[in-house]
Each structure stands twice: as structure tokens, then as C-alpha cells.
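Below: one structure, written as C-alpha cells.
The values are calculated or read from the model by the stated rules, or taken from the named source; none is laboratory data. Here the structure is a predicted model, which means the values were calculated and not measured. Don't worry about glycine lacking a Cβ; one is built from the backbone with ideal geometry, like all the others, and counts go over all protein chains shown.
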């Protein structure tokens with residue numbers, strides 16, 4: 001920063017205790033401090049609400065969350081009793097065997113949650129994608145959400161994510 005090559009810097013997936021320590025060390029030594037944190041955050045991944053988000057607020061840091069669709073679990077693609085299909089499904093199953101299979105107890109819980117949240121979204125007049133993104137960006141500590149559809153086979157994701165902003 002002193003050489004003028006960067007304006008600010010941040011971290012990704014750093015625990016709150018390390019954020020506090022880094023801020024303290026930077027202040028004590030006169031160094032630049034972390035300006036941003038980039039954690040995963042979604043309706044299914046909420047642990048950062050207890051410590052990371054309040055810590056970032058307290059230290060005036062921006063929070064750029066990623067994976068608001070929880071690795072696709074909140075895309076509407078994964079449903080109980082339905083075979084997952086579409087572009088990229090076979091490749092994803094080969095790259096991550098068992099990661100999306102319903103026989104895994106953690107995945108069964110995600111499917112249950114995705115189904116319940118999908119029903120709530122429909123009842124509220126929106127898609128599950130809109131509700132998932134709106135949940136993330138409405139948190140007062142969140143500056144932005146990185147949505148990043150991985151394939152061109154998800155053409156509807158971006159427009160649905162953009163419509164999440166005005167949801168109250």
C-alpha cells in the first residue's frame with residue numbers, strides 16, 4: 001500500500017478472532033489493515049452471523065460474501081425425489097462423488113431445507129434464488145454477494161439474482 005501498488009486488501013474465510021488480532025496488530029505497528037472479508041454465506045451456511053459479521057461491522061470492514069445459493073442447493077435444481085439433470089450435472093457428480101447424493105445425511109438435511117425454503121419462496125411470490133440472494137444482501141453487515149454461476153447452462157440464474165434486490 002505504501003508503494004502505491006494497491007489501495008486496500010482483505011481476507012477470505014478468516015475467523016473473527018484472527019480478524020480482531022490482525023486489526024490490533026495493524027494499528028499497533030502502523031500497517032495497513034484488512035478492509036474486507038470474503039466468507040461463504042447463505043440460508044444454509046449462517047455461522048458467520050454469530051462472530052464474523054459483527055466483528056466486521058465493529059471494525060468498519062466490507063463483507064463480500066460468496067455462494068448465496070449454497071453451492072447450488074438453493075438454486076431450485078435439487079429437490080427431494082427428483083433426479084438432478086441438466087448441463088453440468090454429470091460432470092459435477094463425477095468431480096464430487098457423493099457431494100450431492102441424497103444418501104448422505106447432510107445432503108438429506110439440505111434437501112429438506114431447500115424444499116421448505118422453496119415452498120416459502122413460492123408462497124411469498126418469488127423464486128428460491130431470489131429469496132436466497134435477498135436474504136444475504138439484506139444483512140446489514142454484508143456489502144455485496146458474489147453470485148457466480150459456474151456454467152452457461154444456468155442462464156436464468158443471473159436475471160433472477162438481479163431481481164432479488166427490491167425484495168422486502
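Some notes on this structure:
- A single member of 110, 80 is surrounded by 18 or more Cβ atoms within 10 Å (Cβ to Cβ) and at pLDDT 70 or above, and it is 110.
- Filtered residue count, region 112-140, keeping only those that are in contact with a strand residue (DSSP E or B) (Cβ under 7 Å, 6 or more places away or on another chain) and not in a helix (DSSP H, G or I): 0
- Unique match (being surrounded by fewer than 15 Cβ atoms within 10 Å (Cβ to Cβ) and modelled with pLDDT of 90 or more) among 124, 67: 124
- Counting only residues that are assigned to a loop (DSSP other than H, G, I, E, B) and either loosely packed, with under 11 Cβ neighbours inside 10 Å or over 19 Å from the mean Cα position of the chain (by Cα) (or both), region 1-53 holds 13 of them.
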